[in-house]
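Read the structure below first, then the notes.
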Amino acid sequence: EVTPELIAALESKHPPDGPLNRTHLSSSGPAPVFEHVIFDAIGGSDIKKAAKSTRGGCGPSGMSDDLWSRMLCSRAFAREGDNLSNTLARVTRRMCTELIDPSTISSLVSCRLIGLNKNPGVRPIGVGEILRRIVGRTVTQFLKSDIINAAGPLQLAAGQEGGCEAAIHAMNSYWESDECEGILCADASNAFNILNRKTALVNMRFLCPVFSIFLINIYRLPSKLFLHNGKFIMSREGTTQGDNAAAPVDAISLYPL
């Protein structure tokens with residue numbers, strides 16, 4: 001049940017947008033440029049591959065992962081599926097190379113929002129549109145090596161192979177070493193939702209230029225998070241759950257720390 005208390009708790013997890021923090025900018029000079037032609041390699045086959053590996057609940061539109069996979073990949077819609085996948089590939093390429101009017105993709109970046117009872121407290125769970133996740137997966141897979149290089153070796157949320165296993169072995173080895181006197185574990189509270197979005201987007205132009213235009217397009221304006229009673233709250237800061245790009249954005253944005 002969506003109660004006023006639940007809405008208030010969820011709104012407290014999604015703070016208002018803050019000003020650009022110039023003291024945390026990676027650089028004040030001109031942003032590096034990149035050749036937009038690299039994205040010409042994204043094609044319909046990449047969209048189909050992403051659709052086949054995209055699973056999970058549906059977003060506000062109600063269009064499921066099975067539906068999108070069937071429309072794009074089923075032999076029953078061979079020609080239509082090819083046309084749709086090629087069209088989505090063109091959309092993806094444009095979102096990676098041009099700054100578009102963010103109001104035209106407001107529905108694409110909207111999410112369903114579920115309040116999970118932690119007893120005590122509430123954990124917000126966002127469920128993005130399947131189409132957004134297909135496009136996001138296509139982009140993050142295409143730029144995987146660039147994202148990993150930008151995030152650095154100590155950040156394991158950017159797609160490094162076996163990253164968690166390596167971290168476990170490294171910490172275990174350090175714990176058992178003679179030099180270790182103790183290990184401090186720090187956990188950021190509500191980390192995904194309190195990242196300064198404006199500062200992160202500006203820094204992305206320097207830390208991972210090839211990824212930056214796509215992120216500016218999907219995060220330039222606040223997105224709607226719909227509750228199941230039809231009401232919504234706004235996501236103005238941080239990254240949005242249900243977005244394939246969310247973890248890489250956080251990983252790269254926290255690299256200066």
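Numbers at a glance
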quantity: Nearest-0.05 FRET efficiency for residue 191 and residue 144, computed from C-beta distance (R0 30 Å); calculated: 0.85
quantity: Chain lengthening between residue 234 and residue 164 when straightened (0.36 nm per residue, less Cα-Cα); calculated: 22.0 nm
quantity: Spatial extent of the chain: Rg and Dmax, with the Cα atoms as the point set, Å; calculated: 19.6, 65
quantity: Extent along principal axes [Cα atoms of segment 10-64; Å; largest to smallest]; calculated: 43, 41, 16
quantity: Cross-link pairs 48/118; 52/198; 48/224; 144/224; 13/48 - those with Cα-Cα distance over 31 Å; calculated: 48/118; 52/198; 13/48
quantity: Cβ crowding within 10 Å averaged over residues, with 133-142, 97-106, 175-184, 27-36 ranked highest first; calculated: 133-142, 97-106, 27-36, 175-184
quantity: Carbon/sulfur fraction of accessible area - the chain, other protein chains in place, 1.4 Å, %; calculated: 55 percent
quantity: About the Cα centre, charge dipole magnitude for the chain (Lys/Arg +1, Asp/Glu -1 at Cβ), debye; calculated: 1100 debye
quantity: Accessible area per residue in Å² at 1.4 Å probe, computed on the chain; calculated: 56 Å²
quantity: Segment 150-224 versus segment 1-28: alpha-carbon centroid distance in Å; calculated: 19 Å
quantity: Probe 1.4 Å - accessible area at residue 49, Å² to nearest ten; calculated: 150 Å²
quantity: For segment 143-257: relative contact order, % (alpha-carbon pairs under 8 angstrom, 6 or more apart); calculated: 36 percent
quantity: Estimated translational D of segment 121-227 in µm²/s (Stokes, Kirkwood radius over Cα pairs; 25 °C; 0.890 mPa s); calculated: 145 µm²/s
quantity: Between segment 57-100 and segment 102-138, the alpha-carbon center distance in angstrom; calculated: 18 Å
quantity: Where Rh is the Kirkwood radius over Cα pairs, Rg/Rh for segment 94-143; calculated: 1.13
quantity: Rg ratio (alpha-carbon, reference 2.2 N^0.38 Å) - segment 15-166; calculated: 1.23
quantity: Segment 167-257 - Debye-derived log10 I(q)/I(0), Cα point model, q = 0.11, 0.18, 0.19 Å⁻¹; calculated: -0.46, -0.85, -0.90
quantity: Fraction of antiparallel bridges per DSSP, the chain only, in percent to nearest 5; calculated: 85 percent
quantity: All-pairs alpha carbon distance profile, segment 1-92, 5 Å steps from 0, percent; calculated: 2, 11, 12, 12, 10, 8, 12, 16, 11, 5, 1, 0
quantity: The chain, relative contact order [Cα under 8 Å, separation at least 6], %; calculated: 31 percent
quantity: Computed over segment 1-132: relative contact order in percent, which uses C-alpha pairs under 8 Å that are six or more apart; calculated: 30 percent
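The values are calculated or read from the model by the stated rules, or taken from the named source; none is laboratory data. Quantities reported herein were computed from a predicted structural model and do not represent experimental measurements. All Cβ positions, glycine included, derive from the backbone under ideal geometry; neighbour counts span all protein chains shown. Areas reflect the complete protein model, heavy atoms only, side chains present, ligands, DNA and RNA absent. Shrake-Rupley method; radii C 1.70, N 1.55, O 1.52, S 1.80 Å.
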